[in-house]
Structure formats: structure tokens, C-alpha cells
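Inspection log for the structure reproduced underneath, given as C-alpha cells.
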Amino acid sequence: MFDDRYTLAYRLYPYEKHADQDKPAPVRHPVVVMGGGPIGVATAIDLARQNIPCVVLDDHEGVGMGSRAICFAKRCLEIADRYGAGKPMVEKGVTWNLGKVFHRDDKVFEFNLLPEEGHEFPAFINLQQPYFESFMIERLYELQSQGAPVEIRGKNRVDSVDVKDDHVTLEITTPDGPYTMEADWLIGTDGANSPLREMMGLEFTGKVFEDSFLIADIKMINDSFPTERWFWFEPTHGSGASTLLHRQPDDVWRVDFQIGWDVDRKEELKEENIRKRLDAFLGEGVEYEMVWSSIYTFQCKRMKEFRHGRVVFAGDAAHQVSPFGARGANSGMQDVDNLGWKLAMVIGGKAPESLLDSYNHERIHGADENILNSTRSTDFITPKSEASHILRNAVLDLAEHHEFARPLVNSGRLSVPCVYDGSPLNTANALSGGPEITRPGAPCPDAPLGDEFLLPRLGDRFILLTIDADGPDSFEEDGVEVTRLALSADDDKTGALAARYLGEAKSAVYLIRPDQHVAARRDSFSDTQFRKALRRATGKV
Amino acid sequence: MAELTLTPNIDGGDDFYAELIGAHEGLSREESEAYNARLLLVLANHIGDRDVLKAAIDAAKRKD
Ligand SMILES: Cc1cc2nc3c(=O)[nH]c(=O)nc-3n(C[C@H](O)[C@H](O)[C@H](O)COP(=O)(O)OP(=O)(O)OC[C@H]3O[C@@H](n4cnc5c(N)ncnc54)[C@H](O)[C@@H]3O)c2cc1C
């Protein structure tokens, strides 16, 4: 009755019978999160930190075996750090900058993604998804032990939902049988195949790519490859139409072979056959152990709307992208970042329910950007027509000899957070000469402040950031508090703070949202203007 | 904004045309197609201006 759909790497939340299950009437919870993957757990942490009670239900008892995501980008790490889980990730993770691109057997070029100075976190790290998830779950338990109102229930499978205007009723199956629960709000983070979407009859539309990829995570025994990302287009070693080699922690390398659409999965997944491909690719005499293998196909799809009354979708359940460019978990974390403070404000009566429509607006914008980028990478890696194949190879041929063609080579673009241009929460830019990267809607870029960094100082409240400008230490508008962070361009001798937040301007005042996106900016403080901007940023205008 | 030039602009057009054909000499059909694609990318990069490139992409389409 309760079979696992996948094997566990870490059994972190074993099933325990909960008192709720024996209650005669269903217990009502303010927030129920369906799905304890990385995005569901992040949602729970975000809410727990704001003291909003939250129950996570997952149909397994821990983190799935096998690393799906390996590449975690800066913004994702910054969010995880705000939750208190970012530093162990960076410590465990592998940081790399060097990449090589090959076409057939020739090296086309190599690149060095020299990181921009003045950020606490690297542009990205490689880390097996089970580690990422474990660090987050450990953090959740830590918060729980400090009294935060959060829990995660393993082997609690949601089998049906009844969505009402002001709550949702859930039917849950456990090893001890079924029980019913009610939720004021239900967050759907139940993954790409979202049963919740199905239960609610909601569509998931987009593009399916007719190609399969064979992943082999291998542990090197007597040979070591450099910490670089190698990408082969059309390798002649017959191992696939493209191949990616990427280092992870623990001496594990990810090899990703593109093997075509019509494949016999069972046959391909036999260890001897995987080894054949690997041996052809790595050359004779390289000894390795197989850690994990899997075949995946992918699609670029999203839901039409992420919010359906009292049900809000996030992560893969709301949108799915191809793995090229590492935008799945990375963008899911940004969903949570966006949703957490809004939901808490609505539940706390500090903002109207309609604030959640801006989640829908902003994260659909984000999903579309991610889908666009990952579709483009996919089209480059697996050209769909003869003409696009010819052009792709022309780019690769030219890239070997001419620098101009190298930026056109697209083997996956690094995930960067999206700017919420056109969001209803933004107040029009009023800082003349201000840099583009910090325009209203943009995520705040980090900057050094002596031994510290800017982002941890922003935290997760509304902030009035003043740079060489006056302003009140705090102000309150309609129940929402804003706290000032007073800085001077001199606080950062490297000049990054000024370059990123002042540009041509002499002074600046920013209103920054709890998810560290810019809501408004001007050259000086104005009580009327900033109160208005705050009302707008909380969905009251 | 720069505009796409669609009036005669090449000095010695016949010479240019001969050079273009000449570049394909001895190439198989497949090699020619690959060559055309490379040449196209080199020229596009030289132009650089996205508006001009877009106008060129449209101008080259069959209108019937
Ligand atoms: C090969 C591959 C490589 C990838 N590489 C990257 C990368 O480098 N970087 C990146 O950012 N992303 C990457 N991704 C994407 C990333 O793995 C996903 O985006 C991420 O796991 C999504 O998290 P989630 O929490 O939304 O969903 P999931 O991780 O799918 O979690 C959903 C959870 O819901 C549970 N659940 C399902 N149904 C029910 C139910 N009825 N009741 C209760 N619980 C339920 C499931 O058991 C699961 O625990 C990759 C994906 C693949 C396949």
C-alpha cells in the first residue's frame, strides 16, 4: 500500500504517528506544504522563521538517492544563507571557474569564468542535490528545536484535495491508514509530475524535447580529472551526441551522455553498457566506481497560473525546465524567496490577499525567462532541424579560431535571478544616474562592507537603505515596519557599493523588500514618496 | 538607429560575386552549406547592430 517510488539517500524524517491522526475532527493548520523536496523544505523554513506555523507532508521519509541537481547558483546560495544553510553548502561544494568546449575531438576553446569581486558567495558551486536537501532539512530541525512552529511528516501521502474559498481539505494516507487535515493555505511543491495539479485538473503546457540523456555519477579510483567543466559536441568516441563532464564533491564526476530519443532504457541502464560508454569516453585504464545512473528526458513547461485561490504552486510543480543552465532548483528557491514574506504578511493581516497575485505575476515572469534560456541552450545542444545543425556547427568551427563566435556557443547559461521589470509592486525609478542592475524590481547585488557583506545586513525585512543620505531610523505604514540601514560609499573602499548602488548619483535611498529586491529608489528620502512606495510594494495600491 | 542598406552598396559587384562563387569551388554540397553558414556568422558579427540584423533576416525572406 505504501511503496516508495524511489530509493532514499538519507532517511531524515521517518514516519511517526501524529496526534492529528486520532482526532475525531480534522485539524486545521495555517499552512500545509505538499512535498518535502528542496522547495517544500525551503518554504517551511522561510515561514518558520517568520513564526508562521507550517506542516510539510511528504510521501517518502527523506531525501531521494541520486543527484539530480548539481549546480547551485549564487542567488540560490544567498537565499539558503538567509535561511541559515548556505555556508555548509559552500564548504562542501566544489567551486570551479575553468571550462573547456570540444567539438568532435578538437578542443574549440576554453574559458575562465572569473568571478566578479565583492560578493560573499561564488557565482555557483557544484554539490549533489541530496547534500543540498540535507543541509536544508537539518536547518529545519534546528529551527524546530529552537521552538519554531514547523514540522515535517514522512510517509504522509496526499491522495485528494477539496479546495474551498477559504481553506483546503486534504485526504492523507499513512502506514497507519488515512486521515483528514485542513489547511488555510496549501503550497504545492510536489515536483514536476505534481499529483496536486492533476487532482485540481490544472494544465501544464509547453514543449517536450525528443531526446534522452544518460547520467552516470562515477567515483574516480586511481585517476583524477581536473576541476573543470568539459562539454563535448558530437564526440567521436561514440558515446552520445553530446557529453558533459563535471566535478562534484567526494571525487565524484557527473557524466551526462545525450543518447537520442528511441532508446531501450533497460538495455542502456545495464552497468556493462554504461561502462562501455564510459570506457570509450574516458579512455582505457581509468578506474572508477559507479555511484548512480539514470536516464532522463525533459520538457520545458509551466502552469498558466501559479496561484489558485488558497492553493499556491512553487518549484517544479509550477514550472519545469531542461537541466541545461541549472535553473530548476535555483529558480524554485527564488519562488520561495518571493512567496514567503508575502504569504506571511497576508496571514498576519498586514497585506491584502491580492499581494499573492504579485507572486503569480513575478514568478511567471521568472519562469518564462528560465524556460526561454533553457530552451535556447537545448536548441543549441540538440539542434532540431538540419539548418540549425549546420549553423550550430558553424558557430563551433568559428569559435576555435575567432573569439567573436565564442559567446554564441551555448552549452547552458548560468542561472541568474530575474529582474521583476513591470511588476505591480515596483515604484518607477527616481534615482537619476542610478545603475541599471539595481533598478526597481532587481535583486540586490551583494557588496563588501569592510569585513562584512551587504546582503546579510539587509536580512529579510523591509529596509530603507540610505547611502550618503538622510532618513528616519524606522517608520511604519499601515502595520508594516521599515528599518533603516545607513551606509556611506566610504564604507566600501573597493568602490563596489558605489558602483552597484550609486552609479552617477551622489546619494541614494532604496526601499528594499524582504526578498531583497528593490521596490523603489530616489536620490533622497521623502516621507510621502516612500510611504506610497511601501503601500505599493505590499499590494495596497 | 542604423538602417539596413537595400540599395547597391558594393563597389565592383561582379568581382565580389566571382570571389563568393570561387570560395565554393571544389566544395561538396555539405561543405558549401557549412561554409555559407560560417560566412553568414562572420558578416553578422561585423554588422553587430541588432536592428539591422533583424531587418536583414526579414529582407531575405521570400515575400510571395
Ligand atoms: C538530471 C537533472 C539534473 C538537474 N540539474 C539541476 C541543476 O544543476 N541545478 C538546478 O537548480 N536544478 C537541477 N535540476 C532540477 C532539480 O532537481 C529540481 O528543480 C528540484 O528537485 C525541484 O524541487 P521540488 O522541491 O520542486 O520538487 P522535487 O524535488 O521533485 O520534490 C517533490 C517532493 O514531493 C513529494 N511528493 C510527490 N507527490 C506527493 C504526494 N502526493 N504527497 C506528498 N508528497 C508528495 C515527492 O516525493 C518529493 O519529495 C536537475 C534535474 C534533473 C532531472
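The values are calculated or read from the model by the stated rules, or taken from the named source; none is laboratory data. Note that the structure is predicted; figures quoted are calculated from it, not measured. Heads up, the Cβs are rebuilt from the backbone with ideal geometry, glycines too, and the neighbour counts pull from every protein chain shown.
Hey, can you tell me all the residues within region A:295-327 that are assigned to a loop (DSSP other than H, G, I, E, B), closer than 27 Å to A:ALA344 by Cβ and either within 11 Å of the ligand (Cβ to nearest atom) or of a type in the set (Gly, Ala, Ser) (or both)? So that I can check it myself, show each step before the final result.
Here is the first cut: in region A:295-327, the ones assigned to a loop (DSSP other than H, G, I, E, B) are A:297-298, A:303-306, A:309-310, A:314, A:318, A:321-327.
Keeping just the survivors that are closer than 27 Å to A:ALA344 by Cβ gives A:303-306, A:309-310, A:314, A:318, A:327.
Selection gives A:GLY309, A:ALA314, A:ALA318, A:ARG327.
Sort out which residues of region A:156-182 are more than 25 Å from the chain's Cα centre (by Cα) and within 13 Å of the ligand (Cβ to nearest atom), and write them in order of number. Give the steps one after another, and end with the answer.
Keep residues of region A:156-182 that are more than 25 Å from the chain's Cα centre (by Cα), which gives A:159-182.
A:ASP159, A:SER160, A:VAL161, A:LEU170, A:GLU171, A:ILE172, A:THR173, A:THR174, A:PRO178, A:MET181 - these are the residues of region A:156-182 that are more than 25 Å from the chain's Cα centre (by Cα) and within 13 Å of the ligand (Cβ to nearest atom).
Would you confirm, using the coordinates I've provided, whether A:LYS342 is of a type in the set (Lys, Arg) and either assigned to a loop (DSSP other than H, G, I, E, B) or not assigned by TED's automatic domain parsing to the domain that holds A:GLY36 (or both)? Outline the logic, then answer.
Working: of a type in the set (Lys, Arg): yes; either assigned to a loop (DSSP other than H, G, I, E, B) or not assigned by TED's automatic domain parsing to the domain that holds A:GLY36 (or both): no.
In short, no.
Answer yes or no: is there a residue in region A:296-305 that is exposed (fewer than 13 other Cβ atoms within 10 Å of the Cβ) and acidic (Asp, Glu).
no
Taking into account only those residues within region A:213-254 that are of a type in the set (Val, Ile, Thr) and within 22 Å of A:MET89 (Cα to Cα), which is surrounded by the most Cβ atoms within 10 Å (Cβ to Cβ)?
Only one residue fits best here, namely A:ILE218.
Are there any strands (runs of 3 or more DSSP E) wholly within region A:107-208 with 2 or more residues that are touching a Phe, Trp or Tyr at 6+ places or on another chain (Cβ under 9 Å) and crowded, with 19+ Cβ neighbours inside 10 Å, and if so which? Give the steps one after another, and end with the answer.
Values: elements: A:124-126, A:150-153, A:157-163, A:168-174, A:177-188, A:205-208.
Qualifying strands (runs of 3 or more DSSP E): A:124-126, A:150-153, A:168-174, A:177-188.
Within region A:496-512, can one find any residue that is more than 20 Å from A:GLU436 (Cβ to Cβ), assigned by TED's automatic domain parsing to the domain that holds A:ASP460 and either modelled with pLDDT under 95 or not polar (S, T, N, Q) (or both)?
No: zero hits.
Would you confirm whether or not region B:33-42 contains a residue that is away from every other protein chain (no Cβ under 14 Å), free of Cβ contacts under 8 Å to residues at least 24 places away in the same chain and over 19 Å from A:PHE404 (Cβ atoms)? Working first, answer last.
Initial filter on region B:33-42 (away from every other protein chain (no Cβ under 14 Å)): none.
No: zero hits.
Could you list all residues from region A:183-219 that are closer than 23 Å to A:GLY64 by Cβ, free of Cβ contacts under 8 Å to residues at least 40 places away in the same chain and more than 9 Å from the ligand (Cβ to nearest atom)?
A:GLU198
Inspect region A:263-281 for any residue being closer than 21 Å to A:VAL94 by Cβ and at pLDDT below 90 and give the result as yes or no. I'd like the intermediate steps shown before the answer.
Residues of region A:263-281 closer than 21 Å to A:VAL94 by Cβ: A:278, A:281.
From the residues that got through so far, the ones that are at pLDDT below 90 too are A:278, A:281.
Checked against the condition, which is being closer than 21 Å to A:VAL94 by Cβ and at pLDDT below 90, region A:263-281 yields at least one hit.
Take region A:85-103 and flag every residue that is touching a helix residue (DSSP H, G or I) at 6+ places or on another chain (Cβ under 9 Å) and among the charged types (D, E, K, R).
A:LYS87, A:LYS92
Would you confirm whether any residue within region A:350-362 is touching a helix residue (DSSP H, G or I) at 6+ places or on another chain (Cβ under 8 Å), at negative phi and within 16 Å of the ligand (Cβ to nearest atom)?
Taking every residue of region A:350-362 in turn, at least one turns out to be touching a helix residue (DSSP H, G or I) at 6+ places or on another chain (Cβ under 8 Å), at negative phi and within 16 Å of the ligand (Cβ to nearest atom).
So, A:VAL56, is that one hydrophobic (A, V, I, L, M, F, W, C), in contact with a helix residue (DSSP H, G or I) (Cβ under 6 Å, 6 or more places away or on another chain) and within 12 Å of the ligand (Cβ to nearest atom) or not? Spell out how you get there, then give the answer.
On the way: hydrophobic (A, V, I, L, M, F, W, C): yes; in contact with a helix residue (DSSP H, G or I) (Cβ under 6 Å, 6 or more places away or on another chain): yes; within 12 Å of the ligand (Cβ to nearest atom): yes.
Yes; evaluated as a whole, the condition is true for this residue.
Would you point out which residue out of A:ARG327, A:ARG310 is basic (Lys, Arg) and closer than 19 Å to A:VAL419 by Cα? Step through it out loud before you land on a result.
Details: A:ARG310 fails: closer than 19 Å to A:VAL419 by Cα.
Answer to the check: A:ARG327.
Go through (1) touching a residue at least 60 places away in the same chain (Cβ under 8 Å); (2) touching a Ser or Thr at 6+ places or on another chain (Cβ under 8 Å); (3) assigned to a helix (DSSP H, G or I) for A:ASP357 and report which single condition fails.
Against the list (1) touching a residue at least 60 places away in the same chain (Cβ under 8 Å); (2) touching a Ser or Thr at 6+ places or on another chain (Cβ under 8 Å); (3) assigned to a helix (DSSP H, G or I), A:ASP357 comes up short only on (2).
With the condition kept exactly as written, say whether any residue in region A:367-376 is in a helix (DSSP H, G or I), among the β-branched types (Val, Ile, Thr) and either at pLDDT 95 or above or within 11 Å of A:CYS418 (Cβ to Cβ) (or both).
Taking region A:367-376 first, the residues in a helix (DSSP H, G or I) are A:367-376.
The next check asks that each one be among the β-branched types (Val, Ile, Thr); those that pass are A:371, A:375.
Filter once more, keeping what is either at pLDDT 95 or above or within 11 Å of A:CYS418 (Cβ to Cβ) (or both): none.
No; the residues of region A:367-376 include none that is in a helix (DSSP H, G or I), among the β-branched types (Val, Ile, Thr) and either at pLDDT 95 or above or within 11 Å of A:CYS418 (Cβ to Cβ) (or both).
Across region A:354-409, what is the number of residues that are among the polar types (S, T, N, Q) and within 14 Å of chain B (Cβ to nearest Cβ)?
To start, the set of residues in region A:354-409 that are among the polar types (S, T, N, Q) comprises A:354, A:358, A:360, A:370, A:373-375, A:377-378, A:382, A:385, A:388, A:393.
Remaining after also requiring within 14 Å of chain B (Cβ to nearest Cβ): A:385, A:388, A:393.
Looking only at that region, the number is 3.
A quick yes/no check of all residues on (1) over 21 Å from the mean Cα position of the chain (by Cα); (2) away from the ligand (no atom under 16 Å from the Cβ); (3) in a helix (DSSP H, G or I); (4) of a type in the set (Ser, Thr, Tyr):
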residue	(1), (2), (3), (4)
A:TYR15	yes, no, no, yes
A:GLN21	yes, no, yes, no
A:LEU47	no, no, yes, no
A:GLU61	yes, no, no, no
A:LEU77	no, no, yes, no
A:ARG82	no, yes, yes, no
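For region A:452-503, give me the residue count where each residue is free of Cβ contacts under 8 Å to residues at least 40 places away in the same chain and part of a strand (DSSP E or B).
Count: 9.
Across region A:326-384, which residue is surrounded by the fewest Cβ atoms within 10 Å (Cβ to Cβ) among those that are aliphatic (A, V, I, L, M) and more than 25 Å from A:ALA519 (Cβ to Cβ)? Give the steps one after another, and end with the answer.
Restricting attention to region A:326-384, the residues satisfying the condition of being aliphatic (A, V, I, L, M) are A:326, A:329, A:333, A:336, A:339, A:343-347, A:351, A:355-356, A:364, A:367, A:371-372, A:381.
From the residues that got through so far, the ones that are more than 25 Å from A:ALA519 (Cβ to Cβ) too are A:326, A:329, A:371-372, A:381.
Numbers: A:ALA326: 22, A:ALA329: 25, A:ILE371: 22, A:LEU372: 11, A:ILE381: 22.
Checking each candidate, the answer is A:LEU372.
Can you tell me which of A:GLY412, A:GLY422 is within 21 Å of A:LEU372 (Cα to Cα), modelled with pLDDT of 95 or more and in a loop (DSSP other than H, G, I, E, B)? Break it down stepwise before answering.
Values: A:GLY412 fails: modelled with pLDDT of 95 or more.
After ruling out the rest, the residue left standing is A:GLY422.
Of the residues A:LEU244, A:LEU278, only one is touching a strand residue (DSSP E or B) at 6+ places or on another chain (Cβ under 8 Å) and within 16 Å of the ligand (Cβ to nearest atom); which? Working first, answer last.
Numbers: A:LEU278 fails: within 16 Å of the ligand (Cβ to nearest atom).
Only one candidate passes the filter, namely A:LEU244.
Answer yes if at least one residue in region A:426-443 is within 14 Å of chain B (Cβ to nearest Cβ) and either without any contact (Cβ under 8 Å) to a residue 40 or more places away in the chain or part of a helix (DSSP H, G or I) (or both), and no otherwise. It would help to see each step written out before you state the result.
Within region A:426-443, the subset within 14 Å of chain B (Cβ to nearest Cβ) is none.
Looking for residues that are within 14 Å of chain B (Cβ to nearest Cβ) and either without any contact (Cβ under 8 Å) to a residue 40 or more places away in the chain or part of a helix (DSSP H, G or I) (or both), one finds none in region A:426-443, hence no.
Residues to consider are A:ASP491, A:ASP468; find the one that is at pLDDT 95 or above, touching a Leu at 6+ places or on another chain (Cβ under 9 Å), charged (D, E, K, R) and closer than 27 Å to A:ALA80 by Cα. Break it down into steps so the answer makes sense when it comes.
Values: A:ASP468 fails: closer than 27 Å to A:ALA80 by Cα.
Selected residue: A:ASP491, the only one of A:ASP491, A:ASP468 that is at pLDDT 95 or above, touching a Leu at 6+ places or on another chain (Cβ under 9 Å), charged (D, E, K, R) and closer than 27 Å to A:ALA80 by Cα.
Read through the list (1) within 26 Å of A:THR382 (Cα to Cα); (2) out of contact with any Leu (no Cβ under 7 Å at 6 or more places or on another chain), then give the number of the only condition that A:MET303 fails.
Condition (2) is where A:MET303 drops out.
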